[in-house]
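*Asks:* Next up is a structure, given as structure tokens.
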């Protein structure tokens, strides 16, 4: 699900990392946007719309919309299209507007 060869672009080697999505261990590359790693693993629905509960996926891919809000390491409303992937992250789809945990 990844582009590996391109006539103009180069793809430097990156460190492979594991992360947890909805309880399942997946692999991605350190520093790539979380949404890219999810897409490469076959995840197309990142969240559901608030009003009509319609599925939402990659849309703007530059952090301007809210289609990719997810919960990352317990923090809601993270724009995963611009958030870099790190080893061991825990990523979950977010219900509604998200809820902050009291600490």
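The values are calculated or read from the model by the stated rules, or taken from the named source; none is laboratory data. Owing to the predicted nature of the structure, the values given are computational and were not obtained by experimental measurement. Positions of Cβ are backbone-derived with ideal geometry, glycine not excepted, and every protein chain shown enters the neighbour counts.
*Asks:* Of the conditions (1) at pLDDT 95 or above; (2) more than 16 Å from residue 38 (Cβ to Cβ), residue 90 fails just one. Which one is it?
*Replies:* Of everything listed in (1) at pLDDT 95 or above; (2) more than 16 Å from residue 38 (Cβ to Cβ), residue 90 misses just condition (2).
*Asks:* Identify, by number, the condition in (1) in contact with a strand residue (DSSP E or B) (Cβ under 9 Å, 6 or more places away or on another chain); (2) surrounded by 12 or more Cβ atoms within 10 Å (Cβ to Cβ); (3) under 23 Å from residue 16 (Cα atoms) that residue 87 doesn't meet.
*Replies:* Result: residue 87 fails condition (2) only.
*Asks:* Tell me, please, whether a residue that is touching a helix residue (DSSP H, G or I) at 6+ places or on another chain (Cβ under 9 Å), surrounded by 14 or more Cβ atoms within 10 Å (Cβ to Cβ), modelled with pLDDT under 85 and in a loop (DSSP other than H, G, I, E, B) can be found in the stretch 94-103.
*Replies:* No, the stretch 94-103 contains no residue that is touching a helix residue (DSSP H, G or I) at 6+ places or on another chain (Cβ under 9 Å), surrounded by 14 or more Cβ atoms within 10 Å (Cβ to Cβ), modelled with pLDDT under 85 and in a loop (DSSP other than H, G, I, E, B).
*Asks:* Which one is surrounded by the most Cβ atoms within 10 Å (Cβ to Cβ) among residues in the stretch 59-74 that are in contact (Cβ under 8 Å) with a residue 24 or more places away in the chain and within 15 Å of residue 46 (Cα to Cα)?
*Replies:* 68
*Asks:* Sticking with this one: Within the stretch 1-17, track down each residue that is within 20 Å of residue 86 (Cβ to Cβ) and free of Cβ contacts under 8 Å to residues at least 40 places away in the same chain.
*Replies:* At the first step, the residues of the stretch 1-17 found to be within 20 Å of residue 86 (Cβ to Cβ) are 2, 11-17.
The answer is 2, 11, 12, 13, 14, 15, 16.
*Asks:* Shifting gears a bit: Of all residues in the stretch 1-26, which are surrounded by 10 or more Cβ atoms within 10 Å (Cβ to Cβ) and in contact with a helix residue (DSSP H, G or I) (Cβ under 8 Å, 6 or more places away or on another chain)?
*Replies:* Result: 2, 19, 21, 26.
*Asks:* What is the residue count in the stretch 44-55 for residues that are surrounded by fewer than 19 Cβ atoms within 10 Å (Cβ to Cβ) and either under 21 Å from residue 88 (Cα atoms) or within 12 Å of the chain's Cα centre (by Cα) (or both)?
*Replies:* Matching residues across the stretch 44-55 total 2.
*Asks:* Same structure again: Among the strands (runs of 3 or more DSSP E) contained in the stretch 1-87, which hold 1 or more residues that are at positive phi?
*Replies:* Filter on the stretch 1-87 gives 75-79.
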